[in-house]
Amino acid sequence: MAVKLIECPRDAWQGLERIIPTEEKANYLQALLEAGFRHIDAVSFVSPKHVPQMADSEQVLQRLADAGLLERYRPEIIGIVVNEKGLERALAAPGVTTLGYPYSISAYFRRANANMSRAESRALVETLHRETRAAGRGLVVYISMAFGNPYDEPWGPELVIETFEWLKSVGVRTVSLADTVGLATPRDVRDLFLATARDAEGLEVGVHLHSRPEGAVEKVLAAYDAGCRRFDCALTGLGGCPFAGDELVGNIPTEAVVAALTQRSVDVGLAPEALARALAATRELRRKYAHAVVH
């Protein structure tokens, strides 16, 4: 199976304090497409009150459609939803091929982010599976807090495995293990992936890792060596989780994933000059809209 990189500008943008104009978002996504990215976690369909950065998701995608870019490149566009209202918006939006849902195994995190009980969240997954299948769309479910959480709640790999087995029973075919707050060590990544994916024939299992920069390559290699071929990442490592409690914990940088996989002689299909252009565009966005220091 070839390695699949999912570039995550949505995750990178939504925590920024300054709002990126719609046109600039569309131009940036165009730059990613032109650089060779074909799997993009691009938008979310959530309450503008809670995530104002993503209030214009439909407008951003419409600009790509009007420019003929969706037809030209035929990318996988992932839109994140957290409720049935988001489901309706995502199915009506141009270009959304895959819906993504963060299913938290932390009761505290689930209640704080989506105000849902475990039963309500599971019912939503079943609805998402049914509706996306009927609409000919894909569905990826992220098991958030898969590697532990800071809330002193019960946690163990058996909780992740039970959730994974339940998702399989529902019919979900793509699952990503998310280290929401950047707790995992490389050994944790390897062990949990092996334990979860050992009975995953016919499923695509990936990782959405957050990390301090110095630990990123080792975690990617741990996942790859365990058999992972799907990696969520973000250029320059922008974004992450504000609950991590460490401002250096962000998304795994795309360039770190590329560097790690190069050690295993894996070609991810991104020419060095194309990656350099995408990195330059990302640094310019950071300069204009983020307060983080770019090294």
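If you take just the strands (runs of 3 or more DSSP E) that sit entirely in the range 98-193, which of them hold at least 2 residues that are crowded, with 18+ Cβ neighbours inside 10 Å and without any contact (Cβ under 8 Å) to a residue 40 or more places away in the chain?
Passing ranges, in order: 174-179.
Within the range 45-62, residues that are in contact (Cβ under 8 Å) with a residue 60 or more places away in the chain have Cβ atoms under 8 Å from residues that are in a helix (DSSP H, G or I) and surrounded by fewer than 20 Cβ atoms within 10 Å (Cβ to Cβ) in no pair, counting only partners at least 6 apart in sequence or on another chain. Do you know which residues across the range 252-285 are crowded, with 19+ Cβ neighbours inside 10 Å and in contact with a strand residue (DSSP E or B) (Cβ under 6 Å, 6 or more places away or on another chain)? The answer is I252, T254, V257. Here is the figure for the range 60-75: residues that are on the phi < 0 side of the Ramachandran plot and either more than 19 Å from the chain's Cα centre (by Cα) or surrounded by fewer than 19 Cβ atoms within 10 Å (Cβ to Cβ) (or both) total 11.
Within the set V181, V172, V220, the sole residue that is closer than 26 Å to V125 by Cα and at pLDDT 95 or above turns out to be V172. Being of a type in the set (G, A, S), assigned to a helix (DSSP H, G or I) and within 17 Å of E284 (Cα to Cα) narrows it down to one of A90, A12, so name that one. Result of the check over A90, A12: A12. Of the residues that make up the range 223-244, is at least one at pLDDT below 90, of a type outside the set (A, V, I, L, M, F, W, C) and either over 16 Å from the mean Cα position of the chain (by Cα) or outside any helix (DSSP H, G or I) (or both)? Checked against the condition, which is being at pLDDT below 90, of a type outside the set (A, V, I, L, M, F, W, C) and either over 16 Å from the mean Cα position of the chain (by Cα) or outside any helix (DSSP H, G or I) (or both), the range 223-244 yields at least one hit. Step by step: first the residues of the range 195-212, then only those that are buried (at least 16 other Cβ atoms within 10 Å of the Cβ) and part of a helix (DSSP H, G or I), then the one that is modelled with the lowest pLDDT. Which residue is that? Going through the qualifying residues, I end up with A197.
The values are calculated or read from the model by the stated rules, or taken from the named source; none is laboratory data. In this text, all values refer to a predicted model and were calculated from it rather than measured experimentally. Glycine also receives a Cβ, built like all others from the backbone with ideal geometry; neighbour counts cover every protein chain displayed.
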